[in-house]
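A short write-up of the structure that comes next.
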Amino acid sequence: MMTASSRKSANKPSLVDADTHVESFRQTRSNRRNELIEDYVELIDDLILHGGEARQVDIVQRLGVAQPTVAKMLKRLASDGFIQQKRYRGIFLTEAGKALAAKSRERHRIVEGFLRAVGVGEEAARIDAEGIEHHVSDETLAVFKAFLDKAGPTSRA
């Protein structure tokens, strides 16, 4: 017969070992650092595709952050090799920046499509995908993609 104490311990989730826990947190911190980079690069690409150019003022407006915040991030993106800034001409993506923007956009498309396929509403799927896309593993992303490929285009309503 189970005692109250044994029932309590039976309901506790198992605690992963310390090394696994450390690696999970390390990966999450890395994802958070990359999230901003990916968001900026994808936005710059969108601005160029839809308006012909990307300017600091446009990024400030779209992200709702202060100009010094954008300037600091653009400096980082330039030093990381994702953008080039030309005085009086705006912001341009390097080949590395274009590749990162395309990869981010594809991850977003897959995650949003998966959420829509399992019944999440259009607006919620779009908003949720914006956060999830940066934290989902390549393995999980591949499963989402396989699900969408198997389900067909009607599942992406």
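Overview of results
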| item | result |
| --- | --- |
| 14 Å beta-carbon shell around Tyr88, net charge (K/R +1, D/E -1) | +3 |
| Quotient of Cα Rg and 2.2 N^0.38 Å for the range 23-125, N being how many residues it contains | 1.17 |
| Environment charge at Leu47 (Cβ cut-off 14 Å; Lys +1, Arg +1, Asp -1, Glu -1) | -1 |
| Förster-model FRET efficiency, 30 Å R0, Ile127 and Leu49, C-beta, rounded to 0.05 | 0.90 |
| When the convex hull of its Cα atoms is projected in every direction, mean area for the range 77-142 (nm²) | 5.7 nm² |
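Just so you know, all these numbers are worked out from the coordinates, no wet-lab data involved. Keep in mind it's a predicted model, so treat the numbers as computed, not measured. Ideal geometry is used to build each Cβ from the backbone, glycine not excepted, and the neighbour counts take in all protein chains shown.
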